[in-house]
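Reviewing the structure listed below.
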There are 2 protein chains.
Amino acid sequence: MSARTGILLLVSGPSGSGKTTLCRRLSGENEAHYSISCTTRAPRPGEVNGRDYHFLTPDEFSHRVAAGEFLEHATVHGNSYGTLQSEVLGYLSNGTDVVMDIDVQGAAQVRACEDPAIRAALVDIFVMPATEDELHARLSGRGTDSAEVIALRMRNALEEIAHQHEYTFHLHSGTHEEDYLRFKALLLAERLRAARHIHP
Amino acid sequence: MSARTGILLLVSGPSGSGKTTLCRRLSGENEAHYSISCTTRAPRPGEVNGRDYHFLTPDEFSHRVAAGEFLEHATVHGNSYGTLQSEVLGYLSNGTDVVMDIDVQGAAQVRACEDPAIRAALVDIFVMPATEDELHARLSGRGTDSAEVIALRMRNALEEIAHQHEYTFHLHSGTHEEDYLRFKALLLAERLRAARHIHP
């Protein structure tokens with residue numbers, strides 16, 4: 001097998017789609033580096049710096065934005081989130097695939113990026129439940145949440161889904177095993193793309 | 001899972017690459033219809049009409065060429081070979097994937113086809129041993145063939161390989177199981193391509 005450049009797999013989908021589980025498993029099997037985001041929000045109980053997020057102070061975050069270190073970043077409800085280029089570029093040039101669990105706005109920023117290494121590496125997939133009823137069932141959780149909370153989740157999910165047409169690949173989720181098989185197949189297949197192969 | 005149109009998977013590679021085994025196995029697992037070629041050459045011992053080839057008389061073949069029934073066809077050493085559109089189009093519109101074990105000239109004809117159903121369905125992959133030494137070893141067979149015969153096979157194989165750049169995907173063959181896993185992954189991944197999904 002000749003050497004190749006890495007794949008940047010952007011994975012989006014509404015909450016409840018199972019996308020994070022898919023990304024974590026791919027990385028757990030050492031098939032890809034899981035890109036860790038930065039955030040200025042406070043760690044939640046159980047969250048570990050460098051595993052769940054890189055937790056930065058607002059000053060640090062702004063400084064790195066100004067230095068052009070982010071591949072994408074956004075502010076949501078007063079907290080900043082973003083992906084450093086260093087989480088991605090070095091891996092790709094080494095031939096390591098990178099998986100990014102990212103929302104539709106972040107994905108749009110990465111797609112708009114003009115760096116040829118990013119453009120050549122990019123593959124995007126949108127993961128979602130097969131039907132709206134299934135989505136609703138997944139967002140309803142264990143039945144302990146109020147109708148208002150569930151309705152808000154559903155609105156947010158439908159807003160994400162409104163962007164699904166921006167993605168080349170769509171995974172309509174079924175069982176965990178089927179989903180993972182198909183998700184991983186996308187990475188395996190993209191590794192065969194001749195344009196990624198480096199001929200010595 | 002919403003309905004989708006089928007994939008037309010063109011598989012080329014030199015003799016000894018294992019491509020036929022890959023195609024037969026995919027079809028044996030009911031993942032795709034194996035497209036059966038027509039030929040005017042006589043059946044060899046053990047070959048079954050409709051399984052290995054559709055055996056046609058030269059007159060029948062010419063008649064069907066004139067009627068525009070072939071997707072691709074060629075004459076090699078005085079024998080005609082070709083693929084009928086009926087081996088492909090109906091399957092694709094039904095959402096059945098089709099796998100074609102085809103030489104580089106045939107693949108070029110299919111790629112040049114202007115039928116939008118073919119163009120949308122087409123995925124091509126070139127299968128080859130990872131190194132020229134490995135190719136030579138595979139073409140040498142059991143050591144019972146003359147050096148001239150092996151040299152001719154090697155020349156033919158290198159002529160096929162000279163066209164590998166025309167293919168989007170390259171599979172450098174390793175073990176049978178690895179090869180098949182990666183080969184099948186291409187089909188599974190292409191099934192996720194949103195452009196193939198039919199939204200009711």
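We did not get these values from a lab; they are worked out from the coordinates using the rules stated. Keep in mind the model is a prediction, meaning the values are calculated, not measured. Note that we place each Cβ from the backbone using ideal geometry, even for glycine, and neighbour counts take in every protein chain shown.
Observations
- Take each residue in B:182-188, count the other chain C-beta atoms within 10 Å of its C-beta, and the mean is 6.
- Net charge of the neighbourhood of B:Tyr34, taken over other residues with C-beta under 15 Å away and scored Lys/Arg +1, Asp/Glu -1, is -2.
- B:Ala67 versus A:Ala3: modelled label distance in nm, points set 7 Å from Cα along the beta carbon direction: 5.6 nm
- Cα convex hull of region B:1-79, projected area averaged across orientations, nm²: 7.3 nm²
- Normalising the Debye intensity of the protein assembly as shown to I(0), with uniform scatterers on Cα atoms only, and taking log10 at q = 0.08 Å⁻¹ returns -0.53.
- For A:Asp52, inter-copy label distances in nm, listed shortest first [label point 7 Å out on the Cα-Cβ vector]: 6.4
- Net charge of the neighbourhood of B:Ala162, taken over other residues with C-beta under 14 Å away and scored Lys/Arg +1, Asp/Glu -1, is -4.
- Each part reduced to its alpha carbon centroid, region A:89-108 and region B:28-88 end up 46 Å apart.
- Theoretical ellipticity at 222 nm over chain B - DSSP helices of four or more residues, -39500 (n - 2.57) apiece, nearest 500: -11500 deg cm²/dmol
- Note on region B:36-87: Kirkwood hydrodynamic radius from all Cα pairs is 11.0 Å, rounded to one decimal.
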